[in-house]
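Worksheet: the structure to be examined is printed underneath.
Derivation of every value follows stated rules applied to the coordinates shown; laboratory data play no part. Nothing here was measured: the structure is a model prediction, and the numbers come from that model. Glycine also receives a Cβ, built like all others from the backbone with ideal geometry; neighbour counts cover every protein chain displayed.
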Amino acid sequence: MDSRTQERVERWDARPFDGDLRALAGADFSGAVADDGSWLFLLGGRIVGVVDGAPAEFAGGSGTVYEAPHRALPLLCSMETQRDTPRGTYYTNETPLEEVDRTLQEGSFTGFVELSENVHSGDYYLVYYGGRRMAIAYVGNAERLLVGTEAFERAADEVGIYEVVDVDIEVTDVDELALAGRDAEPATRTDGDLEHAASAETARATASSASVESSSDTAEATSGVDRSDDGDEPESTIQDEPASRDEADDATAESTQSSGTTEPEPDADRAPENASGPAAVASEDEDRTNELETLRTRNQELSATVDRLRSRVRTLESELESARAGTERSAPGPDLDLDEALSQTNLFVRYDSRSQPTLDTAHESHVDRAEVDANLRLEYHTQFDDVGATVDGDPFEDVLAETMAFRFLEWLTTELFFEIRDTGRADALGELYEGISRIDRVELDSSIPIEDGDREAVAFDVVAYDKMGNPLLVATLNDSREPIPRDVLEGVATDAAAVARRHSELAAALVVTRSYFEPGALEVVEEATKSGFLSRGSRLSYVNSPGYHLCLAELRSAGFHVTVPEL
């Protein structure tokens, strides 16, 4: 088993293993058992995989039990240990995850989908068994676990490369495993004897199931009783059965005598079917009726026990979840300064549902702003463990939401985009308007490689990228009260032009300040855009060569607003 899978399993709740596999099966256990380097995976009390060993080796052994926080996890881990060459590798922008998901469900697929390559926010898995899908996500560096609908929707929103892997899963019942182990004990038993015993056991199970009506859980319990409490117990029959057919006949006769039932010895000339007689048949029917009544009573007792145990498990799981939540809230995290935290943080433009209005659909058609705002959300991913993290003593998440960079991205996606559209500037600021609609990821305090002369890279406070990793927008933020002088604008214009020459996708460069721009700074913009930012030409504040918008904005108490060009 690979180290990543083992590390994830070993984070589950652990306890010593006493070798009682039947107890795990009876409790509908889902998780893993580790014993001297071997691993056994169970789902709902049934074995779904084994690594470096055989299932029977765990019975009566020792080791550690790891209880999974979700039933899908042991199935995924088992599949990962058996993975082979993927059926296919796909890119989400070309083959959406939802499309493949529908195909796999309709095709009764068994295996899993892994979305992790080129994905910054975490690892995402879709686990299938007979077409039924369960979603799992490990989010962030701390690998926070998400399952179900939330995990699937986040996976569907991600951009990256995913693999579809076929896996053959063999499900083994623990009771069947135990019977198989006992069948193998007598060294003198022949294949014919084994087939005979199997046929007899099948016949008894069929007779019992036809007479006893119960729920699916109860039926399983009854099956377990049939194997252990039947008058013709398989265990004793197999262990005591002689090797030869003649010895078997002798043993049968002795068993009959010891039970107190005396039958007349058959005459050599009489037909075998007349040897028993009506009285013996009636006695067998009565014994069978008594046996079934005993089984019914035992079945009801087992069902009641199962219900009590399940109720207890639910209570314990609820208490454990509450304890975990309390631990997470109280667990201390790293304390960083603001610059360090921002340089290790990426922001993402995401949506609650791709079927609802997005910036992209608003760019193509007139969609109500409120509908997009209700669907859009900004998420973050850090290169440090953000659970309990603080910035100079304050919670990281609260500090991030108040930073100029985060507020700037909010303004771009929820206000500026619609201001450009609603003021009729969608054509004049076309590159900027389209660029905002394509933002996927935003880096803070980021550098862009340019390899321009002596300079290998240029730095900006904010760099917005599309899904393919191409820079769309760059921004320099001035969070001080000092006005922006000419030389700052000259530096931004030079750096932005260098990026635009190397990356044709660059749509705009913005300079944002809490203060104001000196006249010399405004002159730089006018000179760079040649025709002037007051021009009524087809493009506003546009640097023709290499081709991008150069815009200025100010942050006041009421929020951001564009000063160049005028909207």
In nm, spacing of pseudo-spin labels at residue 402 and residue 454 (7 Å Cα→C-beta vector)
4.2 nm
Say a paramagnetic label sat at a point 7 Å from the Cα of residue 141, along Cα to Cβ; which residues of region 358-384 have their backbone N under 14 Å from it?
381-384
Quick one: 3J(HN,Hα) in Hz for region 464-481, Karplus 6.51/-1.76/1.60 with θ = phi - 60°, rounded, Gly and Pro as x.
9, 10, 8, 5, 8, x, 8, x, 9, 9, 10, 8, 10, 10, 10, 8, 9, 9
How much length would be gained if the chain were fully extended between residue 322 and residue 14, taking 0.36 nm per residue of separation minus their Cα-Cα distance, in nm to one decimal?
109.1 nm
Across 10 Å bins from the origin, how do the percents of Cα pairs in region 2-95 run, short distances first?
16, 49, 22, 9, 4, 0
Any residue on another chain or 5+ positions along whose placed amide H is under 5 Å from the amide H of residue 478 is listed here as 512, 513, 514
Roughly how many debye, to the nearest 20, is the charge dipole of region 3-80 about its Cα centre, given +1 on each Lys and Arg Cβ, -1 on each Asp and Glu Cβ, and no other charges?
280 debye
Karplus ³J(HN,Hα) for region 306-321 (6.51 cos²θ - 1.76 cosθ + 1.60, θ = phi - 60°; Hz, whole; x = Gly/Pro) runs 4, 4, 5, 5, 5, 4, 5, 4, 4, 5, 5, 4, 5, 5, 5, 4
Mean separation of Cα contacts under 8 Å (6+ apart) over length of region 3-80, as relative contact order %:
38 percent
On a full-extension model of 0.36 nm per residue, what is the gain between residue 504 and residue 62, subtracting their alpha-carbon distance, rounded to one decimal in nm?
152.8 nm
Compare the Cα positions of 389, 515, 366 along the charge dipole of region 338-564 (+1 at Cβ of Lys, Arg; -1 at Cβ of Asp, Glu; about the Cα centre) and return the one farthest towards the positive end.
366
Sort the following peptides by mean Cβ neighbour count (other Cβ atoms within 10 Å, averaged over residues), highest first: 117-130, 468-481.
117-130, 468-481
With contacts defined as alpha carbon pairs under 8 Å and 6 or more residues apart, what's the relative contact order of region 338-564 in percent?
16 percent
Compare the peptides 65-76, 81-92, 519-530 by average per-residue count of other Cβ atoms within 10 angstrom and give them in order, highest first.
65-76, 519-530, 81-92
Is any residue of region 397-441 close enough, with backbone N under 18 Å, to a label point placed 7 angstrom from the Cα of residue 340 along the Cα-Cβ axis, and if so, which?
397-400
Rounded to two decimal places and with Rh computed the Kirkwood way over Cα pairs, what is Rg over Rh for region 338-564?
0.95
On a full-extension model of 0.36 nm per residue, what is the gain between residue 394 and residue 297, subtracting their alpha-carbon distance, rounded to one decimal in nm?
28.6 nm
Run the dipole for region 437-567 about the Cα centre, Lys and Arg Cβ at +1, Asp and Glu Cβ at -1, nothing else charged, and hand back the magnitude in debye, nearest 20.
540 debye
Given backbone amide H placed at 1.01 Å from N, residues whose amide H is under 5 Å from that of residue 17, ignoring those fewer than 5 places away on the same chain, are 63, 64, 65
Computed label-point distance, nm, for sites residue 22 and residue 558 using a 7 Å Cα→Cβ extension:
7.9 nm
Nothing charged except the Cβ atoms of Lys and Arg (+1) and of Asp and Glu (-1): what's the magnitude of the dipole of region 338-564 about its Cα centre? Round to the nearest 20 debye.
900 debye
